[in-house]
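Below: the structure, in C-alpha cells.
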Amino acid sequence: MTAIPEIEIAGRKIGPGHPPYVICELSGNHNGCLDRALTMIDAAADTGCDAIKIQTYTADTITLDVDRPEFVIHGGLWDGQTLHALYREAQTPYEWHAALFERAATRGVTLFSSPFDKTAVDLLAGLNAPAYKIASFEAVDLPLIRYAAAHGKPLIISTGMANLEEMKTARDSALSGGAAGVVMLHCVSSYPATFEDANVRTIPDMAGRLGVVIGLSDHTPGTATAVAAVALGACVIEKHFTLARSDGGPDAAFSLEPAEFTALVRDCRDAWAALGQAHYDVLGSEKANRQFRRSLYVTAPVKAGEALTKANVRSVRPGNGLPPADLDRVLGKVASRDLAFGEPLDWSMLS
C-alpha cells in the first residue's frame, strides 16, 4: 500500500504515525450567547483536545427563508422547523469570530471553522484560520471546496451521504485547487447516529481507496465509536461538545459534556498507544516476570538412586527449574544425590 501523506495543522502533524487529532465541535451549542461561546472555548481547551471547531454561516448564506415543504425538516431532533429557522438559531455570528479566535489563541488551542460559502471563507482567511472543514452536506459543493483550497491550507472533508466517487471528486478538487493536504472523515449524517449505522470498518477501506489521512466525524452517543475508529486507523476524531446537555441547544442531544470529552481525548490517545506494532519478543516490561513462569520442581523428597516419577516431580511456578516440556525426559531418570522438597530440578541432579 502507498504510504499516506501526513498533513500539518498549526504545527501539529496528523497521520498514521501520530496520536489521533481530536477536534471539539462547538456547533450551535452556544445557544446564541457570546459569553457562553467563550466559556465553551475555555472548557473545550481544558479537555486536552487538539483543536476546537466552529461553523461560519448565516441563515441567509446557507438556505432561503421559505416554508415550502422541501425547506421543512421532517423527523428527528429538529422535526417541524424550517431550515432557515434552525440555522438562524444555530449560527455563530460573524461579529463573534474575532473574539473566539482570540480566546482560543489565549488558551493555546487551535481554532478553525466550517465555511459554508465564499464570504465565510474570506472571513476565516482574514483571521488566519489554519485549516478549513467542509461539512458533509457541502462535500458536493465543488466550487466551495476549490475556493477554500485556494488559500493553501489543509482541508478536512466530512463524507456523510457521499458515495465513493463523490469522495474522490471532493478530494481531487481540494488537492488540485491548492489545499495543503486533505483529510477525509467517515461520517454518518444522522443526528444522533446509531451504533449499528456507524460502520467504522469503512475507515481502513477508505484509507486504501483514497490514499489520504482518514478520520471520523462521530454523531453516536458516548465514546465507544471513536475509540473503535482509532483502533481501525482513524487519525482524526471530531465530536460535538456542550457544557451540559440539559442546557439544550441544536446539537446538545448528541454532544459530550466536558468530563466526557476529557475521557474521549484520553481514551482515543490510549487506544492509539496500545496499538503499537506486531511483536513476538519478550518486552522489557515482561523480563522481570519470566522467573514466575512454570518449571520442574521436586515435590517430594527423593533419595539418591531413586527414580523420578509424577509423585515427586511436577511443573509449578516459579521458573528456576527445567522447562515443563522436559518432563517426559525426566521421568524415569535416577537421582544422582538426595533431592529435597522444593528444589528446582536440574540435569546435574539426574543420572
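E286 fulfils the conditions (1) modelled with pLDDT under 95; (2) touching a strand residue (DSSP E or B) at 6+ places or on another chain (Cβ under 8 Å); (3) exposed (fewer than 13 other Cβ atoms within 10 Å of the Cβ) except for a single criterion, (2).
Using the structure shown, decide if E95 is part of a helix (DSSP H, G or I) and farther than 27 Å from Y132 by Cα. In short, no. If the condition is being over 21 Å from N289 (Cα atoms) and of a type outside the set (V, I, T), then the stretch 310-325 contributes K310, A311, N312. Any residue in the stretch 2-15 that is in contact with a Pro (Cβ under 9 Å, 6 or more places away or on another chain), in a loop (DSSP other than H, G, I, E, B), farther than 27 Å from L243 by Cβ and open to solvent by less than 50 Å² (accessible area, probe 1.4 Å)? Yes, the stretch 2-15 contains a residue that is in contact with a Pro (Cβ under 9 Å, 6 or more places away or on another chain), in a loop (DSSP other than H, G, I, E, B), farther than 27 Å from L243 by Cβ and open to solvent by less than 50 Å² (accessible area, probe 1.4 Å).
Among the residues of the stretch 151-203, those that are surrounded by fewer than 15 Cβ atoms within 10 Å (Cβ to Cβ) and out of contact with any helix residue (DSSP H, G or I) (no Cβ under 7 Å at 6 or more places or on another chain) comprise G152, N163, E165, E166, D172, S176, T194, E196, D197, N199, R201. Among the conditions (1) modelled with pLDDT of 95 or more; (2) out of contact with any helix residue (DSSP H, G or I) (no Cβ under 6 Å at 6 or more places or on another chain); (3) in a loop (DSSP other than H, G, I, E, B); (4) open to solvent by less than 30 Å² (accessible area, probe 1.4 Å), H18 misses just one, which is (4). For the stretch 95-122, give me each residue that is of a type outside the set (S, T, N, Q), within 28 Å of I14 (Cβ to Cβ) and open to solvent by 50 Å² or more (accessible area, probe 1.4 Å). A98, E102, R103, A105, R107, G108, K118, D122 - these are the residues of the stretch 95-122 that are of a type outside the set (S, T, N, Q), within 28 Å of I14 (Cβ to Cβ) and open to solvent by 50 Å² or more (accessible area, probe 1.4 Å).
Among the residues of the stretch 34-87, those that are open to solvent by less than 50 Å² (accessible area, probe 1.4 Å), under 26 Å from V109 (Cα atoms) and not aliphatic (A, V, I, L, M) comprise R36, D42, T47, G48, C49, D50, K53, Q55, T56, Y57, T58. When D270 is tested against (1) touching a residue at least 12 places away in the same chain (Cβ under 8 Å); (2) in a helix (DSSP H, G or I); (3) of a type in the set (D, E, K, R), only condition (1) is not met. If the condition is being outside any strand (DSSP E or B), among the aliphatic types (A, V, I, L, M) and either within 19 Å of the chain's Cα centre (by Cα) or under 17 Å from V212 (Cβ atoms) (or both), then the stretch 143-158 contributes I145, A148, A149.
The values are calculated or read from the model by the stated rules, or taken from the named source; none is laboratory data. All of these numbers come straight from a predicted model, not from anything done at the bench. Glycine gets a Cβ as well: all are built from the backbone with ideal geometry, and neighbour counts include every protein chain shown. In case anyone asks, the SASA skips ligands and DNA or RNA and just uses the protein heavy atoms, side chains included. Shrake-Rupley method; radii C 1.70, N 1.55, O 1.52, S 1.80 Å.
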